[in-house]
Amino acid sequence: MLIETKGLKKVFKSRGKEVEAVRGVDLAVKEGEVFGLLGPNGAGKTTTMRMLSTLIEPTEGRAVVCGHDLATDSAAVRRDIGYVGQEGGTWGEVTARDELVMQGRLYGMSKRTAAKRAAEVLESFQLSEYADRNVKTYSGGQKRRLDIALGIMHEPKLLFLDEPTTGLDPQSRAHMWDEVRSLRERGTAIFLTTHYLDEADALCDRLAIIDHGEVVAEGTPLALKKEVAGDVVAVGVVGDGEKARTLLGEKDFVREIESGEPDPATGVAVLRLYVDEGATALPELLRALDGAGIAPASIELHRPSLDDVFLKQTGRSLREEGN
Ligand SMILES: Nc1ncnc2c1ncn2[C@@H]1O[C@H](COP(=O)(O)OP(=O)(O)OP(=O)(O)O)[C@@H](O)[C@H]1O
Ligand SMILES: [Mg+2]
(Lines give C-alpha, C1' and ligand atoms only; values in the text may rest on other atoms or scores of the structure.)
(Ligands and ions follow the chains in the order given, each with its own letter.)
Protein backbone atom coordinates (compact mmCIF):
# COMPACT_ATOMS: atom_id res chain seq x y z
CA MET A 1 0.00 0.00 0.00
CA LEU A 2 1.18 3.46 -0.83
CA ILE A 3 -1.17 5.23 1.54
CA GLU A 4 -2.93 3.70 4.50
CA THR A 5 -4.90 5.78 6.97
CA LYS A 6 -6.74 4.86 10.15
CA GLY A 7 -9.25 7.17 11.74
CA LEU A 8 -7.76 10.30 10.24
CA LYS A 9 -9.41 13.33 11.75
CA LYS A 10 -9.04 17.10 11.59
CA VAL A 11 -10.79 19.59 13.78
CA PHE A 12 -10.19 23.27 13.06
CA LYS A 13 -10.70 25.82 15.76
CA SER A 14 -11.59 29.21 14.49
CA ARG A 15 -12.88 32.03 16.68
CA GLY A 16 -13.81 29.68 19.48
CA LYS A 17 -15.81 27.42 17.17
CA GLU A 18 -14.82 23.92 16.21
CA VAL A 19 -15.14 22.68 12.65
CA GLU A 20 -14.89 18.92 12.17
CA ALA A 21 -13.51 18.99 8.63
CA VAL A 22 -12.50 15.33 8.51
CA ARG A 23 -14.13 12.82 10.85
CA GLY A 24 -12.22 9.57 10.98
CA VAL A 25 -11.24 8.60 7.47
CA ASP A 26 -9.83 5.14 6.58
CA LEU A 27 -8.25 4.95 3.15
CA ALA A 28 -5.97 2.56 1.30
CA VAL A 29 -4.22 3.55 -1.92
CA LYS A 30 -2.25 0.98 -3.90
CA GLU A 31 1.04 1.44 -5.75
CA GLY A 32 0.70 2.89 -9.23
CA GLU A 33 -3.02 3.62 -9.17
CA VAL A 34 -5.03 6.75 -9.71
CA PHE A 35 -7.11 7.18 -6.58
CA GLY A 36 -9.79 9.84 -6.37
CA LEU A 37 -11.54 11.61 -3.56
CA LEU A 38 -14.93 12.72 -4.87
CA GLY A 39 -17.19 15.02 -2.91
CA PRO A 40 -19.06 18.33 -2.88
CA ASN A 41 -17.67 21.69 -1.70
CA GLY A 42 -16.56 21.58 1.91
CA ALA A 43 -16.58 17.77 2.11
CA GLY A 44 -13.04 17.66 3.50
CA LYS A 45 -11.09 16.71 0.36
CA THR A 46 -8.42 19.41 0.57
CA THR A 47 -8.05 18.95 4.32
CA THR A 48 -7.48 15.20 3.88
CA MET A 49 -4.95 15.83 1.16
CA ARG A 50 -3.11 18.48 3.17
CA MET A 51 -2.79 16.07 6.08
CA LEU A 52 -1.46 13.28 3.88
CA SER A 53 1.08 15.59 2.29
CA THR A 54 2.34 16.84 5.71
CA LEU A 55 1.10 20.40 5.25
CA ILE A 56 -1.14 20.20 8.33
CA GLU A 57 -1.14 17.83 11.27
CA PRO A 58 -4.05 15.48 11.91
CA THR A 59 -5.97 16.05 15.13
CA GLU A 60 -6.31 12.29 15.53
CA GLY A 61 -5.60 9.12 13.65
CA ARG A 62 -2.64 7.65 11.82
CA ALA A 63 -1.34 7.42 8.30
CA VAL A 64 1.51 5.73 6.49
CA VAL A 65 2.48 7.40 3.22
CA CYS A 66 5.05 5.77 0.89
CA GLY A 67 6.11 3.54 3.76
CA HIS A 68 6.76 6.38 6.21
CA ASP A 69 4.74 7.23 9.26
CA LEU A 70 3.19 10.65 8.85
CA ALA A 71 3.61 11.57 12.50
CA THR A 72 7.22 10.51 13.04
CA ASP A 73 8.79 10.67 9.60
CA SER A 74 7.21 13.57 7.76
CA ALA A 75 10.50 14.63 6.14
CA ALA A 76 10.74 11.25 4.40
CA VAL A 77 7.13 11.53 3.27
CA ARG A 78 7.88 14.93 1.78
CA ARG A 79 10.78 13.59 -0.26
CA ASP A 80 8.66 10.89 -1.85
CA ILE A 81 5.61 12.93 -2.78
CA GLY A 82 4.68 15.82 -5.03
CA TYR A 83 1.88 18.19 -4.14
CA VAL A 84 -0.14 20.43 -6.43
CA GLY A 85 -2.55 22.65 -4.55
CA GLN A 86 -6.06 23.65 -5.53
CA GLU A 87 -5.13 27.29 -6.14
CA GLY A 88 -1.85 26.75 -7.92
CA GLY A 89 1.05 29.01 -7.22
CA THR A 90 2.69 30.15 -10.39
CA TRP A 91 2.15 33.71 -11.45
CA GLY A 92 5.38 35.57 -10.83
CA GLU A 93 7.89 37.47 -12.94
CA VAL A 94 9.77 34.29 -13.66
CA THR A 95 9.93 31.89 -16.57
CA ALA A 96 8.66 28.34 -16.34
CA ARG A 97 12.13 26.97 -16.97
CA ASP A 98 13.65 28.99 -14.12
CA GLU A 99 10.87 28.02 -11.79
CA LEU A 100 11.32 24.33 -12.59
CA VAL A 101 15.09 24.53 -12.14
CA MET A 102 14.60 26.24 -8.77
CA GLN A 103 12.23 23.50 -7.73
CA GLY A 104 14.79 20.85 -8.71
CA ARG A 105 17.53 22.65 -6.76
CA LEU A 106 15.18 22.74 -3.77
CA TYR A 107 15.10 18.96 -3.89
CA GLY A 108 18.88 18.78 -3.95
CA MET A 109 19.55 18.39 -7.69
CA SER A 110 22.75 19.79 -9.20
CA LYS A 111 22.34 22.68 -11.65
CA ARG A 112 22.97 20.39 -14.60
CA THR A 113 20.57 17.68 -13.47
CA ALA A 114 17.90 20.25 -12.71
CA ALA A 115 18.26 21.87 -16.14
CA LYS A 116 18.09 18.52 -17.87
CA ARG A 117 15.07 17.39 -15.89
CA ALA A 118 13.34 20.76 -16.45
CA ALA A 119 13.73 20.39 -20.23
CA GLU A 120 12.29 16.88 -20.02
CA VAL A 121 9.32 17.95 -17.95
CA LEU A 122 8.63 21.00 -20.15
CA GLU A 123 8.58 18.72 -23.17
CA SER A 124 6.22 16.16 -21.69
CA PHE A 125 3.80 18.87 -20.56
CA GLN A 126 3.94 20.61 -23.94
CA LEU A 127 5.37 23.75 -22.40
CA SER A 128 8.69 23.96 -24.26
CA GLU A 129 7.32 26.60 -26.60
CA TYR A 130 6.60 28.99 -23.72
CA ALA A 131 9.36 27.83 -21.40
CA ASP A 132 11.30 31.09 -21.48
CA ARG A 133 8.36 33.44 -21.19
CA ASN A 134 7.16 35.04 -17.96
CA VAL A 135 4.69 32.77 -16.24
CA LYS A 136 2.30 35.68 -15.69
CA THR A 137 1.58 35.67 -19.45
CA TYR A 138 0.38 32.05 -19.39
CA SER A 139 -3.19 30.97 -20.00
CA GLY A 140 -5.08 29.13 -17.26
CA GLY A 141 -4.44 25.74 -18.84
CA GLN A 142 -0.73 26.44 -19.33
CA LYS A 143 -0.42 27.56 -15.70
CA ARG A 144 -2.14 24.43 -14.47
CA ARG A 145 0.21 22.28 -16.55
CA LEU A 146 3.17 24.12 -15.05
CA ASP A 147 1.76 23.55 -11.55
CA ILE A 148 1.80 19.83 -12.20
CA ALA A 149 5.20 19.95 -13.90
CA LEU A 150 6.54 21.53 -10.69
CA GLY A 151 4.95 18.77 -8.66
CA ILE A 152 6.75 16.02 -10.56
CA MET A 153 10.16 17.72 -11.04
CA HIS A 154 11.76 15.44 -8.43
CA GLU A 155 10.08 12.28 -9.78
CA PRO A 156 7.89 11.54 -6.77
CA LYS A 157 6.42 8.07 -6.29
CA LEU A 158 3.13 9.66 -5.41
CA LEU A 159 1.58 12.86 -6.69
CA PHE A 160 -1.21 14.73 -4.90
CA LEU A 161 -3.42 16.76 -7.22
CA ASP A 162 -6.10 18.93 -5.64
CA GLU A 163 -8.82 19.55 -8.26
CA PRO A 164 -6.50 19.36 -11.25
CA THR A 165 -9.08 20.45 -13.82
CA THR A 166 -11.28 22.96 -12.04
CA GLY A 167 -11.58 26.06 -14.18
CA LEU A 168 -10.12 24.50 -17.31
CA ASP A 169 -11.90 24.52 -20.65
CA PRO A 170 -13.00 21.12 -22.05
CA GLN A 171 -9.94 20.81 -24.27
CA SER A 172 -7.40 21.57 -21.54
CA ARG A 173 -9.33 19.24 -19.32
CA ALA A 174 -8.98 16.38 -21.80
CA HIS A 175 -5.24 17.15 -22.04
CA MET A 176 -4.92 17.04 -18.28
CA TRP A 177 -6.61 13.64 -18.18
CA ASP A 178 -4.11 12.38 -20.76
CA GLU A 179 -1.26 13.74 -18.69
CA VAL A 180 -2.51 12.06 -15.55
CA ARG A 181 -2.84 8.78 -17.43
CA SER A 182 0.63 9.00 -18.88
CA LEU A 183 2.11 9.76 -15.46
CA ARG A 184 0.46 6.62 -14.17
CA GLU A 185 1.84 4.65 -17.12
CA ARG A 186 5.30 5.78 -16.09
CA GLY A 187 4.68 4.41 -12.60
CA THR A 188 3.61 7.47 -10.60
CA ALA A 189 0.66 6.89 -8.32
CA ILE A 190 -1.82 9.74 -8.20
CA PHE A 191 -4.13 10.84 -5.44
CA LEU A 192 -6.53 13.44 -6.73
CA THR A 193 -9.61 15.26 -5.55
CA THR A 194 -12.46 16.29 -7.75
CA HIS A 195 -16.09 17.25 -7.60
CA TYR A 196 -16.66 16.23 -11.21
CA LEU A 197 -18.52 12.94 -11.53
CA ASP A 198 -17.29 12.26 -15.04
CA GLU A 199 -13.70 12.95 -14.05
CA ALA A 200 -13.82 10.52 -11.14
CA ASP A 201 -15.44 7.94 -13.39
CA ALA A 202 -13.07 8.30 -16.32
CA LEU A 203 -9.78 8.81 -14.57
CA CYS A 204 -9.75 6.90 -11.30
CA ASP A 205 -8.90 3.24 -10.82
CA ARG A 206 -10.54 3.48 -7.43
CA LEU A 207 -12.22 6.22 -5.49
CA ALA A 208 -13.71 7.19 -2.19
CA ILE A 209 -16.80 9.35 -2.04
CA ILE A 210 -16.59 11.80 0.83
CA ASP A 211 -19.33 13.91 2.38
CA HIS A 212 -19.24 16.03 5.55
CA GLY A 213 -15.80 14.69 6.40
CA GLU A 214 -16.76 11.02 6.13
CA VAL A 215 -16.18 8.37 3.49
CA VAL A 216 -19.61 7.17 2.37
CA ALA A 217 -18.54 4.71 -0.34
CA GLU A 218 -15.34 3.28 -1.73
CA GLY A 219 -14.37 1.06 -4.65
CA THR A 220 -13.81 1.03 -8.38
CA PRO A 221 -16.20 3.30 -10.31
CA LEU A 222 -17.76 0.22 -11.89
CA ALA A 223 -18.27 -1.65 -8.63
CA LEU A 224 -19.74 1.42 -6.97
CA LYS A 225 -22.25 1.87 -9.76
CA LYS A 226 -23.13 -1.82 -9.84
CA GLU A 227 -23.83 -1.75 -6.12
CA VAL A 228 -26.54 0.82 -6.65
CA ALA A 229 -29.02 -0.75 -8.96
CA GLY A 230 -27.77 -2.61 -11.97
CA ASP A 231 -28.96 -1.09 -15.26
CA VAL A 232 -32.30 0.35 -16.22
CA VAL A 233 -33.91 -0.32 -19.58
CA ALA A 234 -36.70 2.06 -20.53
CA VAL A 235 -39.04 0.62 -23.14
CA GLY A 236 -41.68 2.80 -24.78
CA VAL A 237 -44.81 1.01 -26.01
CA VAL A 238 -48.04 2.22 -27.56
CA GLY A 239 -51.30 0.62 -26.48
CA ASP A 240 -49.70 -2.62 -25.26
CA GLY A 241 -48.50 -1.29 -21.90
CA GLU A 242 -50.29 -3.80 -19.70
CA LYS A 243 -49.56 -6.74 -21.96
CA ALA A 244 -45.86 -5.85 -22.12
CA ARG A 245 -45.70 -5.37 -18.39
CA THR A 246 -47.15 -8.81 -17.66
CA LEU A 247 -44.94 -10.47 -20.26
CA LEU A 248 -41.68 -8.86 -19.15
CA GLY A 249 -42.47 -8.99 -15.46
CA GLU A 250 -42.31 -12.80 -15.68
CA LYS A 251 -38.73 -12.87 -17.06
CA ASP A 252 -36.14 -13.82 -14.48
CA PHE A 253 -33.61 -11.25 -15.69
CA VAL A 254 -36.03 -8.46 -14.73
CA ARG A 255 -35.67 -7.57 -11.06
CA GLU A 256 -38.31 -4.94 -10.90
CA ILE A 257 -40.62 -3.15 -13.29
CA GLU A 258 -42.30 0.24 -13.13
CA SER A 259 -44.75 1.60 -15.66
CA GLY A 260 -45.47 5.20 -16.40
CA GLU A 261 -48.66 6.79 -17.69
CA PRO A 262 -49.02 7.00 -21.49
CA ASP A 263 -47.95 10.36 -22.91
CA PRO A 264 -51.18 12.13 -23.94
CA ALA A 265 -49.67 13.43 -27.18
CA THR A 266 -47.91 10.34 -28.47
CA GLY A 267 -49.65 7.54 -26.57
CA VAL A 268 -46.25 6.12 -25.63
CA ALA A 269 -46.10 4.56 -22.16
CA VAL A 270 -42.63 3.96 -20.74
CA LEU A 271 -41.83 0.79 -18.80
CA ARG A 272 -38.71 0.94 -16.64
CA LEU A 273 -37.09 -2.45 -16.20
CA TYR A 274 -34.43 -2.91 -13.54
CA VAL A 275 -31.96 -5.52 -14.74
CA ASP A 276 -28.52 -6.73 -13.64
CA GLU A 277 -26.84 -6.39 -16.98
CA GLY A 278 -28.43 -4.19 -19.63
CA ALA A 279 -26.26 -5.46 -22.46
CA THR A 280 -27.50 -9.06 -22.15
CA ALA A 281 -31.05 -8.15 -21.15
CA LEU A 282 -31.67 -6.07 -24.28
CA PRO A 283 -31.66 -8.86 -26.89
CA GLU A 284 -33.77 -11.16 -24.70
CA LEU A 285 -36.21 -8.41 -24.12
CA LEU A 286 -36.54 -7.62 -27.82
CA ARG A 287 -37.09 -11.29 -28.61
CA ALA A 288 -39.83 -11.57 -25.98
CA LEU A 289 -41.63 -8.46 -27.25
CA ASP A 290 -41.30 -9.60 -30.84
CA GLY A 291 -42.67 -13.06 -29.97
CA ALA A 292 -45.76 -11.44 -28.45
CA GLY A 293 -46.23 -9.16 -31.45
CA ILE A 294 -45.40 -5.98 -29.57
CA ALA A 295 -43.29 -3.40 -31.43
CA PRO A 296 -41.55 -1.02 -29.02
CA ALA A 297 -41.65 2.67 -29.92
CA SER A 298 -38.32 3.35 -28.19
CA ILE A 299 -35.66 1.65 -26.09
CA GLU A 300 -33.12 3.35 -23.86
CA LEU A 301 -30.42 1.83 -21.72
CA HIS A 302 -29.53 3.81 -18.61
CA ARG A 303 -26.41 2.88 -16.66
CA PRO A 304 -26.25 4.19 -13.12
CA SER A 305 -23.83 7.09 -12.66
CA LEU A 306 -21.64 7.96 -9.69
CA ASP A 307 -24.28 10.54 -8.92
CA ASP A 308 -26.75 7.70 -8.32
CA VAL A 309 -24.21 6.30 -5.86
CA PHE A 310 -23.90 9.64 -4.08
CA LEU A 311 -27.66 10.05 -4.08
CA LYS A 312 -28.18 6.62 -2.54
CA GLN A 313 -25.60 7.22 0.19
CA THR A 314 -26.50 10.78 1.12
CA GLY A 315 -30.00 11.41 -0.18
CA ARG A 316 -28.66 14.39 -2.12
CA SER A 317 -27.42 14.82 -5.65
CA LEU A 318 -23.91 16.06 -6.36
CA ARG A 319 -25.20 17.66 -9.53
CA GLU A 320 -27.76 19.81 -7.76
CA GLU A 321 -25.08 21.60 -5.79
CA GLY A 322 -23.92 23.51 -8.81
CA ASN A 323 -21.03 21.19 -9.46
N1 LIG B 1 -8.17 26.54 8.25
C2 LIG B 1 -9.45 26.28 8.46
N3 LIG B 1 -10.11 26.79 9.52
C4 LIG B 1 -11.42 26.53 9.74
N5 LIG B 1 -12.17 25.75 8.95
C6 LIG B 1 -11.58 25.21 7.88
C7 LIG B 1 -10.19 25.44 7.55
N8 LIG B 1 -9.89 24.76 6.42
C9 LIG B 1 -11.03 24.15 6.05
N10 LIG B 1 -12.03 24.40 6.91
C11 LIG B 1 -13.42 23.88 6.84
O12 LIG B 1 -13.35 22.48 6.75
C13 LIG B 1 -14.33 21.97 5.86
C14 LIG B 1 -13.67 21.14 4.77
O15 LIG B 1 -12.91 21.99 3.94
P16 LIG B 1 -12.06 21.45 2.70
O17 LIG B 1 -11.30 22.61 2.15
O18 LIG B 1 -11.28 20.27 3.12
O19 LIG B 1 -13.21 21.01 1.70
P20 LIG B 1 -13.10 20.51 0.18
O21 LIG B 1 -13.78 19.20 0.11
O22 LIG B 1 -11.71 20.60 -0.31
O23 LIG B 1 -14.02 21.57 -0.57
P24 LIG B 1 -13.86 22.26 -2.04
O25 LIG B 1 -14.48 21.32 -3.02
O26 LIG B 1 -14.68 23.51 -1.92
O27 LIG B 1 -12.41 22.53 -2.28
C28 LIG B 1 -15.09 23.18 5.35
O29 LIG B 1 -16.24 23.31 6.12
C30 LIG B 1 -14.13 24.32 5.58
O31 LIG B 1 -14.82 25.52 5.78
MG1 LIG C 1 -10.78 21.67 -1.77
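Residues that are in contact with a helix residue (DSSP H, G or I) (Cβ under 7 Å, 6 or more places away or on another chain) and away from ligand 1 (no atom under 16 Å from the Cβ) within the range 155-168 comprise P156, K157, L158, L159, listed in sequence order. Considering only the range 127-139, state which residues are in contact with a helix residue (DSSP H, G or I) (Cβ under 7 Å, 6 or more places away or on another chain) and in contact (Cβ under 8 Å) with a residue 24 or more places away in the chain. Scanning the range 127-139 gives L127, Y130, A131, D132, V135, Y138. Is it fair to say V232 is over 18 Å from the mean Cα position of the chain (by Cα), touching a residue at least 24 places away in the same chain (Cβ under 8 Å) and outside any helix (DSSP H, G or I)? Judged against the criteria, V232 is a match.
Based on what the data block shows, is G39 crowded, with 20+ Cβ neighbours inside 10 Å and small (G, A, S)? I'd like the intermediate steps shown before the answer.
Working: crowded, with 20+ Cβ neighbours inside 10 Å: yes; small (G, A, S): yes.
So G39 fits the description; yes.
When you scan the range 4-16, do you find a residue that is away from ligand 2 (no atom under 13 Å from the Cβ) and under 28 Å from S182 (Cα atoms), even just one? Scanning the range 4-16, I find at least one residue that is away from ligand 2 (no atom under 13 Å from the Cβ) and under 28 Å from S182 (Cα atoms), so the answer is yes. Could we say that H212 is crowded, with 16+ Cβ neighbours inside 10 Å and within 16 Å of ligand 1 (Cβ to nearest atom) here? The answer is no for H212.
What number of residues in the range 137-191 are of a type in the set (V, I, T), within 19 Å of the chain's Cα centre (by Cα) and surrounded by fewer than 19 Cβ atoms within 10 Å (Cβ to Cβ)?
Keep residues of the range 137-191 that are of a type in the set (V, I, T), which gives 137, 148, 152, 165-166, 180, 188, 190.
Going one step further and asking which of them are within 19 Å of the chain's Cα centre (by Cα), we end up with 148, 165-166, 180, 188, 190.
When the remaining residues are screened for being surrounded by fewer than 19 Cβ atoms within 10 Å (Cβ to Cβ), the result is 166.
Total satisfying the criteria: 1.
Within the set Q126, Q171, the sole residue that is away from ligand 2 (no atom under 16 Å from the Cβ), in the same structural domain as V65 (by TED's automatic domain parsing) and over 29 Å from M51 (Cα atoms) turns out to be Q171.
Do we find a residue being under 17 Å from the mean Cα position of the chain (by Cα), of a type in the set (S, T, N, Q) and at negative phi anywhere in the range 194-203? Let's see the steps before the verdict.
Filtering the range 194-203 for residues under 17 Å from the mean Cα position of the chain (by Cα) gives 194-203.
Imposing the further condition that a residue be of a type in the set (S, T, N, Q) reduces the set to 194.
Subsequent filtering for residues that are at negative phi retains 194.
Within the range 194-203 (the criterion being under 17 Å from the mean Cα position of the chain (by Cα), of a type in the set (S, T, N, Q) and at negative phi), the answer is yes, since at least one residue qualifies.
When the range 250-268 is filtered for residues that are within 17 Å of A288 (Cβ to Cβ) and over 37 Å from the mean Cα position of the chain (by Cα), only E250 remains.
Please work out if G44 is on the phi > 0 side of the Ramachandran plot and within 16 Å of ligand 2 (Cβ to nearest atom). Please lay out each step first, then the result.
Details: on the phi > 0 side of the Ramachandran plot: yes; within 16 Å of ligand 2 (Cβ to nearest atom): yes.
Yes, satisfied.
Taking the range 174-199 as the range and being among the aromatic types (F, W, Y) and either over 14 Å from R144 (Cβ atoms) or within 16 Å of ligand 1 (Cβ to nearest atom) (or both) as the test, the residues that pass are F191, Y196. Could you pull out the residue among L27, L52 that is surrounded by 15 or more Cβ atoms within 10 Å (Cβ to Cβ), within 15 Å of ligand 2 (Cβ to nearest atom) and either farther than 17 Å from F310 by Cα or of a type outside the set (D, E) (or both)? Checking each option against the conditions leaves just L52.
Looking at R144, R133 in this structure, which one is within 16 Å of ligand 1 (Cβ to nearest atom) and basic (K, R)?
Numbers: R133 fails: within 16 Å of ligand 1 (Cβ to nearest atom).
One residue alone meets the criteria, R144.
The values are calculated or read from the model by the stated rules, or taken from the named source; none is laboratory data. Please read all numbers here as calculations on a predicted model, not as lab measurements. Note that each Cβ is placed from the backbone with ideal geometry, even for glycine, and that neighbours are counted across all protein chains shown.
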